[in-house]
Amino acid sequence: MLHKKHINYFEKLLPENFVFSERGDCWAYGYDNSKMHVIPECVLFANNKLQIQSIVKYCFDNNIPITTRGRGTGNTGGSVPIDKSIVLSLEKMGKILNIDIKNRFCEVQPGVINKELQKELEKENFFWGPDPSSQDYSTIGGNIANNSAGPRAIKYGTPRDNILGLEFISGTGEIYKTGVKTSKGVVGLDLTRLFTGSEGILGILTEATLKILPLNNAIKTVEITFDSVADASQTIINLMSQPITPYKLEFIDGESINLINTIKTDHYDTNIKSAILLEIDGEPEYIDLMLNKVIKVIKAGNFNKIKVADNKEQIEKLWSARKSLSPALREIGGYKINEDIVVPISNLTNLLNSLEEISKKYNIKIVNFGPAGNGNIHVNLLFKTREEKENENSKKCLEEIFDLVLKLNGTLSGEHGIGVIKKQYIEKEINKDTLVLMKKIKEQFDPKNILNPNKSI
């Protein structure tokens, strides 16, 4: 239990009601979407970088671990205070500081909600590329910490591709500034990209300069159904081999389709084995020409049906099917393991067919969907009981899936991070010498290991 003298220090440092020390108040700050839950020793709120700097310096001097938190939408336990940490919430640092249209950047604090930023940018007919599925609730700081991208990454990239510069505080309390406010810049080492995706183990983000882009004014949405997974994955390869890069491309497998049909009765024909939901964006005068070229590519392969949404109502209807998947997974009850893997798209067919074989081998239902245009598949293992989820059979199944991904030249996490949940598997992907180097880099920023300790690497 955190000593009362530490609580007293934080209460003197921070404004009234910026310190939670009662278990009931702290409870909600001890979990994320991984369902892990550890009640923090206390919860601190900060609304400026000088407060954060003082907190970090005090924690450094007193060997108090800190878990930094946005809104807790992560999937791997990254914001769970597993080492009797205090939680530092950045939700009160939610200001959009500057939007510079002429130079195509904006400056924000880490607690800004992704969707709120997008709304403000839309007023200027601009947007920030990353759009994770949690964007209604997730913070920019959380997006940067996990390099969380979303469906638009296929065309507009991940946070790592859309950040010009950062300001953060190290584990010793120093304030660092990285990057530039220009589209080009090669002075010094690229610490901006190093920090992005580091899951809070190198420093605490206080400000970000984000690259923004003009919105295209026209979007076309297409749903393609298939009689086999192989046909769908080949179509994805064909689409990604032609000049018009999709705005979004979502894959849905047969098990996903069955689940969707339980929520949205008979949205898909019963014989459908997979589907793709595709969007392209562009200027109104060119969008139909672009669409025709894309459909020509689709028709060159094997498919069942092609549906083109002609209005907002039809677009919403098509996307509502995909968005019903997560509620459907919750409604069927039981337990699940959800993984976030990526393979080169040329290996998609092999991956998806092998996942079906693994499902049969271990008698575990596996539901696959996700933004497959960049080879990203969300793999969901479903169980009726907690015992099923945690027994040796499920562990062997997950292990085989990870081995398969790496055999196919893939990676174990596309946008959900490593956190606690996947840390035990990191040596499968990263060799020991490289991992030692990463730990030495962390030591430079956080010599006492107080920032999100025992996570990520």
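The values are calculated or read from the model by the stated rules, or taken from the named source; none is laboratory data. All values derive from a computational prediction rather than experimental measurement. Reconstructed Cβ throughout: ideal geometry from the backbone, glycine too, with neighbour counts over all protein chains shown.
A few comments on the model shown:
- Filtered by the rule that a residue be part of a loop (DSSP other than H, G, I, E, B) and out of contact with any Asp or Glu (no Cβ under 8 Å at 6 or more places or on another chain), region 369-390 gives G375, K384, T385.
- Being among the aliphatic types (A, V, I, L, M), in a helix (DSSP H, G or I) and under 27 Å from S241 (Cα atoms) is a description that does not apply to V436.
- Count of region 20-53 residues, restricted to those that are small (G, A, S) and either at positive phi or buried (at least 18 other Cβ atoms within 10 Å of the Cβ) (or both), is 4.
- Qualifying residue in region 164-172 (condition: of a type in the set (G, A, S), surrounded by fewer than 23 Cβ atoms within 10 Å (Cβ to Cβ) and touching a residue at least 40 places away in the same chain (Cβ under 8 Å)): yes
- Residue-level check: of (1) exposed (fewer than 15 other Cβ atoms within 10 Å of the Cβ); (2) outside any helix (DSSP H, G or I), K396 misses just (2).
- Flag for I457 being touching a residue at least 12 places away in the same chain (Cβ under 8 Å), outside the structural domain of L194 (by TED's automatic domain parsing), surrounded by 15 or more Cβ atoms within 10 Å (Cβ to Cβ) and under 21 Å from the mean Cα position of the chain (by Cα): yes
- For region 115-167, residues that are over 14 Å from P371 (Cβ atoms) and either in a helix (DSSP H, G or I) or over 14 Å from the mean Cα position of the chain (by Cα) (or both) total 30.
- Scanning region 403-425 for residues that are in contact (Cβ under 8 Å) with a residue 40 or more places away in the chain and either surrounded by fewer than 16 Cβ atoms within 10 Å (Cβ to Cβ) or under 19 Å from the mean Cα position of the chain (by Cα) (or both) yields a total of 15.
- Residue within region 338-359 that is over 23 Å from A230 (Cβ atoms) and either exposed (fewer than 15 other Cβ atoms within 10 Å of the Cβ) or touching a Cys at 6+ places or on another chain (Cβ under 8 Å) (or both) present: no
- Check on I224, free of Cβ contacts under 8 Å to residues at least 60 places away in the same chain, surrounded by 15 or more Cβ atoms within 10 Å (Cβ to Cβ) and farther than 30 Å from P453 by Cβ: no
- Only one of the numbered conditions (1) touching a Ser or Thr at 6+ places or on another chain (Cβ under 8 Å); (2) part of a strand (DSSP E or B); (3) more than 26 Å from I426 (Cβ to Cβ) is violated by L88, and that is (3).
- The criterion of at least 3 residues that are at pLDDT below 95 and surrounded by 14 or more Cβ atoms within 10 Å (Cβ to Cβ) is met by the following helices (runs of 4 or more DSSP H) wholly inside region 270-333: 312-323, 325-331.
- Of the helices (runs of 4 or more DSSP H) lying entirely inside region 172-265, the ones with 1 or more residues being touching a Gly at 6+ places or on another chain (Cβ under 8 Å) are found at 191-195, 229-239.
- None of K35, K57, K84 is within 19 Å of F445 (Cα to Cα) and outside the structural domain of T206 (by TED's automatic domain parsing) except K57.
- Residues of region 50-61 include none that is assigned to a loop (DSSP other than H, G, I, E, B) and out of contact with any strand residue (DSSP E or B) (no Cβ under 6 Å at 6 or more places or on another chain).
- For region 168-201, a residue qualifies if it is of a type in the set (D, E) and over 23 Å from the mean Cα position of the chain (by Cα), and exactly one does: E174.
- Options K428, K365, K384, K389: the member that is at pLDDT 95 or above and surrounded by fewer than 22 Cβ atoms within 10 Å (Cβ to Cβ): K428
- Criterion: of a type in the set (A, V, I, L, M) and touching a residue at least 60 places away in the same chain (Cβ under 8 Å) - qualifying residue of I358, I337, I364: I337
- Evaluation of I377 against (1) loosely packed, with under 14 Cβ neighbours inside 10 Å; (2) touching a Leu at 6+ places or on another chain (Cβ under 8 Å) (one fails), failing number: (1)
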